[in-house]
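Participant: Got a structure for you, written out below as structure tokens; questions coming shortly.
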Number of protein chains: 4
Amino acid sequence: MTVSEKRARKVEQIHAAAARLFAERGFHATRMADIAAALDMQAGSLYYYAESKEDLLVGIVESRVGVAVASLRDVLASEASVTDKIRTAITAHLRAFQEDADIYSIFNFERLGDISPEVAEHVDRRGREYEALWGDLVRAGVQGGELRRDIDVRVTVKAIVGLCNSTLLWFRPGGRLSLDEVSGEFAALVLAGLAATGGPGT
Amino acid sequence: MTVSEKRARKVEQIHAAAARLFAERGFHATRMADIAAALDMQAGSLYYYAESKEDLLVGIVESRVGVAVASLRDVLASEASVTDKIRTAITAHLRAFQEDADIYSIFNFERLGDISPEVAEHVDRRGREYEALWGDLVRAGVQGGELRRDIDVRVTVKAIVGLCNSTLLWFRPGGRLSLDEVSGEFAALVLAGLAATGGPGT
Amino acid sequence: MTVSEKRARKVEQIHAAAARLFAERGFHATRMADIAAALDMQAGSLYYYAESKEDLLVGIVESRVGVAVASLRDVLASEASVTDKIRTAITAHLRAFQEDADIYSIFNFERLGDISPEVAEHVDRRGREYEALWGDLVRAGVQGGELRRDIDVRVTVKAIVGLCNSTLLWFRPGGRLSLDEVSGEFAALVLAGLAATGGPGT
Amino acid sequence: MTVSEKRARKVEQIHAAAARLFAERGFHATRMADIAAALDMQAGSLYYYAESKEDLLVGIVESRVGVAVASLRDVLASEASVTDKIRTAITAHLRAFQEDADIYSIFNFERLGDISPEVAEHVDRRGREYEALWGDLVRAGVQGGELRRDIDVRVTVKAIVGLCNSTLLWFRPGGRLSLDEVSGEFAALVLAGLAATGGPGT
DNA sequence: CATGAATGAGGGTTCATTCAT
DNA sequence: TATGAATGAACCCTCATTCAT
């Protein structure tokens, strides 16, 4: 393992520890000393790897933003029906949250604009892209007759995304229901909620 | 107006200003001086009305927690069908959020447990009560045949509440859709999503 | 004494204490705690009056820069001969240094450009003005025949000013010679050094 | 080249780089990392050649102090007239400053007493020796009738040395005037300023 | 009640220095 | 010898809180 590989690994460890604490306690309530302690270091040592606490947050965010969008893009690129795509996309969303709960908690709950306007704008842009993809999916469903004609696409997208995001506040793996059960339940609610009642064209 | 009435009014003004700032910037990022400045006061003067910044948050939370539950209890006490009650309850939820966005933002996004375990427990208890009422409503709908038999009540409740809560992040009065339009859209999604497909008893 | 007068007085006390320490130890070697201790305060309290340590330096410099130039301008406006003006101006320079040794030490020895480019530029500009006035004086002496024709005006000015400035490093009131004796000696050296040897026009 | 020669050479490089930075930015504003960077090294590596930052300064100062005195002693040992010796000594002073501006900037502007009282005392002693030599020269001129009787020798020496030292603040080789021109101008000023007006013995 | 002033604890950050490799 | 890494003390600065007036 080269020197710079070791360094990169350490940076990643620091990002991971910081992300966890930022997600758990919030950016402001997390002290550099907390992050350092989580890694058995001194606070000052962190500055060997990051220029500032803010830089830590920016580094975390920048390194992960875009993953969610990419994953949904894959789902959309498939040949499945809109119904199947929605089901799959909801599962993907929840799975991403489970795998990277820290970063998504930061995206959703931290006021990034107060910390770094640039990174906030970056995250917002990705969020808008994500919602735009969902919008395309829903619109396609309406046009193809799988989904109701009378829905408002943008509010519907907000609803689906908000629904999925809300799991951040309560879902914990190992609880009563598995992630797949929850996403199944969500998908059933959403699909039934949006389904065209009669056949296509009604 | 008696002296103590004036005092109570001032306390309320302070709570309102603090609630707004806590909601906008977060508890940690809000300084006592910010709150004071919003009221054309000096930071030190706040201590005639609150013992501490924490106490301010606790006061805000304690004075409002329970309103949401009470409002839902009213909805449940009515004679309407489950379907109508759900529709009304969603509207009530969104309306409460619009009227008191600050306090609900604090409930949803602030880590109360890190500030005051007691108040956090209090809020959580009310939240559980609120969800319990929703649970009763949903269960009644299932039993009465208005709602699908195969739903998981607790996840369904999480879904509905999470859906409604998510409006805190994007809904702004005066936007493209009115609050009633959004709640109508949400209700349609939820009701269609949960509706028993065949007639009662199927 | 009004509230804002008291405040202004305190600011002045802080500036004076800071100026003295900056002059004695240098800006970087002076800690905010040192300044505060000189005033029987806590370091944090200084921030009630100044935004930063840098701001303290800037405040000190900005409030005094220009005094030396003004004083020389007065000398130049008089009706005396160039010879007398030079003598008077040298005395004025040394007297200003004695009265405000702190600020002039800062001007001369602190690297202001590393602390605040704006304030450094301001001080430099004043310094150039000061030298320009000396240049006018010396040139007038040459043209009027009081001073030698073969001198280089700019170097001569640097010499005179450098000579006077050097007293910052060694002159202390109460020493063997009084300030007037030193300035008399300096003036004699400079005037004899620059005097036209023959009569005017030689 | 032996191992210890290589080491000595490296020490000298480090001293040179450190001296330059200390002169440019000041001791406190110069970081060990800056010095190391100037030599394409890591800060930690400097500790193979110096025990501390302070030690670096001490090493620089100790290795050069005395050169100026030696050079003046040579001038004094010659057979020239006092007038010629003064002219030569002024040139030597300015030349030494040009060749070793860094070290003389440190001598003149750094508060050595705050860093190492011993080295400060050493430098001061050398400075006093230097001034004593100048004093001998001036006194000889007075006694020999070349210089005015009424001058105060010590102030005159301070004046000459201060004058020469001030070039550190503004003289840059390659400017409008050469170093020889400046020292010629200075010598003319000083010699005319000190010259006995009547013949010897007046 | 309200304010201006002051406090002091604590947090982010810097940097000379050390040390295992 | 040189480096990357880590340390820890110290510094600047913030801010909730207190208090005399």
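The numbers here are math on the coordinates, done by the rules we state, and not lab data. Note that the structure is predicted; figures quoted are calculated from it, not measured. When we count neighbours, we look across all protein chains shown, and the Cβ atoms used for this are built from the backbone with ideal geometry, even at glycine.
Participant: Between D:S178 and C:R149, what FRET efficiency follows from the Cβ-Cβ distance if R0 is 25 Å, with the result rounded to 0.05?
Facilitator: Numbers: r = 21 Å, r/R0 = 0.84.
For R0 = 25 Å, the calculated efficiency reads 0.75.
Participant: Could you please state, rounded to a whole Å, how far the C-alpha centre of the range C:23-86 is from the C-alpha centre of the range B:146-195?
Facilitator: So the two Cα centres are separated by 66 Å.
Participant: A further question on this structure: Measure off 7 Å from each Cα along the Cα-to-Cβ vector at B:D34 and C:D124, then give the distance between these two points in nanometres to one decimal.
Facilitator: Distance between label points: 4.0 nm.
Participant: Ignoring trypsin sites (Lys or Arg not before Pro) that are buried or in helix or strand per DSSP, and keeping those with at most 14 other beta carbon atoms within 10 Å, what is the longest stretch of chain D between them? Don't skip to the end; give the middle numbers.
Facilitator: On the way: sites that count: D:R31, D:R149, D:R176.
Segment D:32-148 is the longest.
Participant: Inter-copy label distances at A:E118, 7 Å along the Cα→beta-carbon direction, one decimal in nm, shortest first?
Facilitator: When each copy's label point is compared with this one, the spacings are 2.3, 4.6, 4.9 nm.
Participant: Taking only C-alpha pairs under 8 Å that are 6+ residues apart, what is the relative contact order of the range C:3-60 in percent? Provide the component values of the computation, followed by the final result.
Facilitator: Numbers: 35 pairs, mean separation 20.2, N = 58.
Computed value for the range C:3-60: 35 percent relative contact order.
Participant: Oh, and also: Tell me, C:Y104, D:Y47, A:Y49 in order of fewest to most beta-carbon neighbours within 10 Å?
Facilitator: Values: C:Y104 22, D:Y47 12, A:Y49 18.
Neighbour counts put them in this order, fewest first: D:Y47, A:Y49, C:Y104.
Participant: Hey, which lysines would be in cross-link range of D:K10, C-alpha to C-alpha under 25 Å, not counting anything within fewer than 8 residues on its own chain?
Facilitator: Straight-distance partners of D:K10: D:K53.
Participant: Hey, what did chain C get for relative contact order, percent, Cα under 8 Å, at least 6 apart?
Facilitator: Details: 160 pairs, mean separation 45.5, N = 202.
Relative contact order for chain C comes out at 23 percent.
Participant: Something else about it: Considering the rotation that carries chain B onto chain C, locate the chain B residue whose Cβ comes closest to its axis and report the distance in whole Å.
Facilitator: So the chain B residue sitting closest to the axis is B:G44, 4.
Participant: Another one. Using a 10 Å cut-off on Cβ to Cβ distances, tally the other chain neighbours for every residue of C:162-173 and report the average as a whole number.
Facilitator: 5
Participant: Moving on. On C-alpha positions alone, give me the angle between the axis of helix C:179-194 and the longest principal axis of chain C, in degrees, nearest 10.
Facilitator: It is inclined by approximately 40 degrees.
Participant: What nm value, rounded to one decimal, do you get for the distance between C:R111 and D:S63 when each label is placed 7 Å out toward the C-beta?
Facilitator: 2.0
Participant: Cross-link candidates for B:K158: which lysines have Cα within less than 21 Å, leaving aside residues fewer than 8 places away along the same chain?
Facilitator: Straight-line reach from B:K158, under 21 Å: A:K158, B:K85.
Participant: Something else: Obtain the nm distance between the two label points defined at B:A70 and C:S81 by a simple spin-label model: each point lies 7 Å from its Cα along the Cα-to-C-beta direction.
Facilitator: A separation of 9.8 nm, rounded to one decimal place.
Participant: Taking loop as defined by DSSP and a crowding limit of 14 other beta carbons within 10 Å, which GluC sites (Glu not before Pro) in the range B:31-124 fit? Don't jump to the answer; show the numbers that get you there.
Facilitator: Working: sites: B:E51, B:E54, B:E62, B:E79, B:E99, B:E110, B:E118, B:E121; in loops: B:E51, B:E79, B:E110.
In loop regions of the range B:31-124 (DSSP not H, G, I, E or B), the sparsely surrounded GluC sites (Glu not before Pro) are B:E51, B:E79.
Participant: Here is a follow-up. May I ask you to derive the relative contact order of the range D:65-181, considering only C-alpha pairs under 8 Å and at least 6 residues apart, and to give it as an integer percent? Display every interim value, and only then the final one.
Facilitator: Details: 64 pairs, mean separation 39.7, N = 117.
Once divided by the residue count of the range D:65-181, the mean separation gives 34 percent.
Participant: Can you sort C:M1, D:M41 by how many other beta carbons sit within 10 Å, fewest first?
Facilitator: On the way: C:M1 7, D:M41 18.
So the ranking, lowest neighbour count to highest, is C:M1, D:M41.
Participant: Calculate, for C:Y47 and A:S52, the FRET efficiency according to 1/(1 + (r/R0)^6) with r their C-beta to C-beta distance and R0 30 Å; round to the nearest 0.05. Walk me through the numbers before you get to the answer.
Facilitator: Details: r = 21 Å, r/R0 = 0.69.
The computed FRET efficiency comes out at 0.90.
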